[in-house]
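Here is the structure we will look at, set down as structure tokens.
The values are calculated or read from the model by the stated rules, or taken from the named source; none is laboratory data. Note that the coordinates shown come from a computational prediction; the quantities given were computed from them, not determined experimentally. Cβ coordinates were reconstructed from backbone atoms using ideal geometry, including for glycine residues, and neighbour counts include every protein chain displayed.
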Amino acid sequence: MAPHRTVKSTILCASPDPGLLIARAQILKIDGYEVIAAVNRHIAVLAAANHQVDLALICFAFALEESEELEHDLLTVSPTLAVVKLQDYDGMRMKQEGHSPELLRQLVRAALSTHAGR
């Protein structure tokens, strides 16, 4: 009998900062998630409209207004999408000691489990 494979969620990572986008995508891919990377709002909205996405991560590198507009647009094209704006979490900002992959993992797991319970 073939081993049971767990299907991981698809996560849309949106960031205007290529370095942050690549780092997050790599961390999440290592954990087995499917990742769609979007360098701007328009690409993110098109991806959400054309793919089954479970969670959208909006980078703190977006201006506050653009982040809010992106969240609105994502929920317009995909009303059941879980959205996390990373600027709402102080620990997600790049600091001298570096970005916390474990914090990113915790936020993703919490957002997916909370959203699945709806």
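Here are some notes:
- Being surrounded by 18 or more Cβ atoms within 10 Å (Cβ to Cβ) and more than 19 Å from Arg109 (Cβ to Cβ) is a description that does not apply to Ala82.
- All told, Leu57 falls short of being touching a residue at least 12 places away in the same chain (Cβ under 8 Å) and part of a helix (DSSP H, G or I).
- The listed residues are Cys13, Cys59, and the only one of them that is modelled with pLDDT under 95, touching a strand residue (DSSP E or B) at 6+ places or on another chain (Cβ under 9 Å) and surrounded by 19 or more Cβ atoms within 10 Å (Cβ to Cβ) turns out to be Cys59.
- Taking residues in region 26-39 that are touching a residue at least 12 places away in the same chain (Cβ under 8 Å) and among the acidic types (Asp, Glu), and partners anywhere that are surrounded by 15 or more Cβ atoms within 10 Å (Cβ to Cβ) and assigned to a strand (DSSP E or B), the pairs with Cβ atoms closer than 8 Å and at least 6 places apart or on different chains are Glu34/Thr10; Glu34/Ile11.
- Note on region 67-79: residues that are surrounded by fewer than 14 Cβ atoms within 10 Å (Cβ to Cβ) and either in a loop (DSSP other than H, G, I, E, B) or at pLDDT below 95 (or both) total 1.
- Within region 20-54, tally of residues that are outside any helix (DSSP H, G or I) and either surrounded by fewer than 18 Cβ atoms within 10 Å (Cβ to Cβ) or charged (D, E, K, R) (or both): 8
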